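Below: one structure, written as structure tokens.
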């Protein structure tokens, strides 16, 4: 599951195309809903724009850490779906590896 937080319609469409290429489900929400939705669905990746991330980087980093997600920050609406698919796959793998480390006995 990938959470798309506060994205434009154009970027949502590009990310939906990218998600199809890596075979992952997506859910979108507003920035204000991101913390509650992330806590409920525990996404592997939270996607937001660089501009939105800069609004409150500490909170977004904390949120991602709390739910075991990777943060994928996209620069703007002009992102290519194929490139985004590659970045999405890498972010998902990173989160899966991190979560697997949580499950290992201490």
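Structure summary
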item	result
Backbone N within the stretch 10-39 under 18 Å of label point (7 Å from residue 59 Cα along the Cβ vector)	29-39
Degrees separating the helix 81-103 axis from the principal Cα axis of the chain, which is the longest one	10 degrees
Three-way shape label, the stretch 1-53, alpha-carbon gyration tensor, a/c 1.5	oblate
Burial order of peptide ranges 74-80, 36-42 (average beta-carbon count within 10 Å, highest first)	36-42, 74-80
Between 0 and 90°, nearest 10: helix 57-67 axis offset from the chain longest Cα axis	50 degrees
Longest to shortest principal axis, alpha-carbon extents of the chain, angstrom	44, 28, 20
Span from the the stretch 40-95 Cα centroid across to the the stretch 8-22 one, whole angstrom	13 Å
The chain: relative contact order as a whole-number percent, Cα under 8 Å and 6+ apart	32 percent
Residues of the stretch 21-60 with amide N under 17 Å of a point placed 7 Å along Cα→Cβ from residue 10	48-52
Fewest-first ranking of 60, 55, using other Cβ atoms within 10 Å as the exposure measure	55, 60
Segments 62-73, 43-54, 91-102 sorted - mean Cβ within 10 Å per residue, highest first	43-54, 62-73, 91-102
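Laboratory data are not the source of any read-out in this text; all were calculated from the coordinates shown. No experiment lies behind these values; they were computed from the predicted model shown. Heads up, the Cβs are rebuilt from the backbone with ideal geometry, glycines too, and the neighbour counts pull from every protein chain shown.
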